[in-house]
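Heads up: the structure comes next, in structure tokens.
The values are calculated or read from the model by the stated rules, or taken from the named source; none is laboratory data. Everything quoted here is computed from the prediction, not taken from an experiment. A quick note on method: Cβ atoms are made from the backbone with ideal geometry, for glycine too, and the neighbour counts reach across all protein chains shown.
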């Protein structure tokens with residue numbers, strides 16, 4: 001690929017396995033392409049056929065100040081990398097850092113460069129929904145900048161119907177090449193993450209999950225996730241020896257979980273940090289029920305990617321949210337998941353007890369979840385990005 005003109009520049013500070021797979025699959029069609037990322041695992045990878053991985057500053061979430069500084073460092077790095085590429089290269093920009101899209105707007109205005117935006121979380125709406133940001137001057141300026149970025153983009157991708165409707169209500173996406181938000185659901189690599197019995201799972205054995213019905217939470221424990229409801233249910237089920245909670249991840253609410261487990265002696269919760277990528281096929285299959293918990297007010301603004309991994313591993317997704325979401329409607333409609341309302345600890349507890357008491361029912365749910373993952377949430381979804389780029393950006 002040395003000396004070849006770059007076709008696509010992917011910009012994502014935290015390009016984990018999901019986005020890396022997207023970049024790999026798209027780059028196979030349009031090589032050579034570059035992924036510029038600070039993800040601690042991905043940035044050290046050698047790349048793949050057609051894709052060069054360029055390391056970038058890592059994302060530091062330890063405090064608000066450090067987060068902002070890491071965002072600024074990545075923005076500066078992405079600016080330099082983009083300036084080195086030909087104007088014919090398409091910029092494929094992710095909405096985190098939240099202001100990264102301004103880079104695409106700048107290069108379009110300066111040299112007519114095309115860019116596409118993938119919206120994983122809708123800001124500032126998510127912060128307003130959480131009560132972390134008031135509707136006022138800052139949110140209006142943020143929305144104005146989003147309008148400039150999104151309405152000048154060639155394409156705007158997002159990952160759920162609710163998110164697409166919110167974007168289309170707020171911004172005039174008819175000005176994009178597609179004329180609307182393009183929805184591409186998240187996925188999991190169903191060949192790598194697949195059902196595995198606990199007796200054949202060293203991770204499950206190491207962490208005491210043999211012979212238990214395991215309620216798994218794996219992912220970000222940030223402010224947009226209702227970790228409190230999970231702790232409330234675990235507290236209620238403390239004396240049920242056959243039910244265990246396995247919580248894996250990091251984020252703003254990690255310390256809340258750690259403190260609650262310690263102070264209240266919740267021996268039914270095992271708390272672990274994020275696991276290495278090669279351990280994920282085992283950590284996911286240590287569970288039986290996979291919890292997806294929205295903090296009220298965020299339902300239209302995000303779709304947790306952990307759901308696809310739960311289903312690929314053959315877990316029953318249990319969605320906890322203040323209102324129904326397109327995700328909960330899909331899972332309930334397909335008969336492979338359950339929706340419960342935020343704060344209804346008693347009903348969530350009874351649902352878990354019901355599944356734990358009827359292993360045949362639990363097994364049917366798990367088999368249906370796996371089948372649903374294969375049909376709707378497999379890596380084949382990356383083909384939808386290829387189709388859209390080919391159709392609207394005339395990449396060929």
Assigned to a loop (DSSP other than H, G, I, E, B) and crowded, with 21+ Cβ neighbours inside 10 Å: which single residue out of 314, 297 fits that description? 314
It is to be established whether one or more residues within segment 321-328 are in a strand (DSSP E or B) and buried (at least 20 other Cβ atoms within 10 Å of the Cβ). yes
Residues of segment 29-51 classified as under 23 Å from residue 86 (Cβ atoms), in contact with a helix residue (DSSP H, G or I) (Cβ under 9 Å, 6 or more places away or on another chain) and surrounded by fewer than 18 Cβ atoms within 10 Å (Cβ to Cβ), total: 2
Criterion (part of a loop (DSSP other than H, G, I, E, B), out of contact with any strand residue (DSSP E or B) (no Cβ under 9 Å at 6 or more places or on another chain) and at pLDDT 95 or above) met by exactly one of 287, 335: 335
Those residues of segment 247-271 which are in contact with a helix residue (DSSP H, G or I) (Cβ under 8 Å, 6 or more places away or on another chain) and either assigned to a strand (DSSP E or B) or outside the structural domain of residue 314 (by TED's automatic domain parsing) (or both), in sequence order: 247, 248, 269, 271
Would you call residue 286 under 22 Å from residue 364 (Cα atoms), in contact (Cβ under 8 Å) with a residue 40 or more places away in the chain and more than 17 Å from the chain's Cα centre (by Cα)? yes
Against the condition crowded, with 17+ Cβ neighbours inside 10 Å, over 29 Å from residue 122 (Cα atoms) and touching a residue at least 12 places away in the same chain (Cβ under 8 Å), how does residue 220 come out, does it pass? no
Test: residue in segment 166-174 that is modelled with pLDDT of 95 or more, in contact with a helix residue (DSSP H, G or I) (Cβ under 8 Å, 6 or more places away or on another chain) and exposed (fewer than 14 other Cβ atoms within 10 Å of the Cβ): yes
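Table: residues versus (1) farther than 18 Å from residue 251 by Cβ; (2) assigned by TED's automatic domain parsing to the domain that holds residue 127; (3) part of a loop (DSSP other than H, G, I, E, B).
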{"position": "14", "(1), (2), (3)": "no, yes, yes"}
{"position": "22", "(1), (2), (3)": "yes, yes, no"}
{"position": "36", "(1), (2), (3)": "yes, yes, no"}
{"position": "61", "(1), (2), (3)": "no, yes, yes"}
{"position": "66", "(1), (2), (3)": "no, yes, no"}
{"position": "69", "(1), (2), (3)": "yes, yes, no"}
{"position": "74", "(1), (2), (3)": "yes, yes, no"}
{"position": "83", "(1), (2), (3)": "yes, yes, no"}
{"position": "87", "(1), (2), (3)": "yes, yes, yes"}
Can you find even one residue in segment 216-231 that is within 27 Å of residue 377 (Cβ to Cβ), modelled with pLDDT under 95 and out of contact with any helix residue (DSSP H, G or I) (no Cβ under 8 Å at 6 or more places or on another chain)? yes
Quick check on segment 128-145. Is at least one of its residues buried (at least 21 other Cβ atoms within 10 Å of the Cβ), without any contact (Cβ under 8 Å) to a residue 60 or more places away in the chain, within 22 Å of residue 106 (Cα to Cα) and touching a helix residue (DSSP H, G or I) at 6+ places or on another chain (Cβ under 9 Å)? no
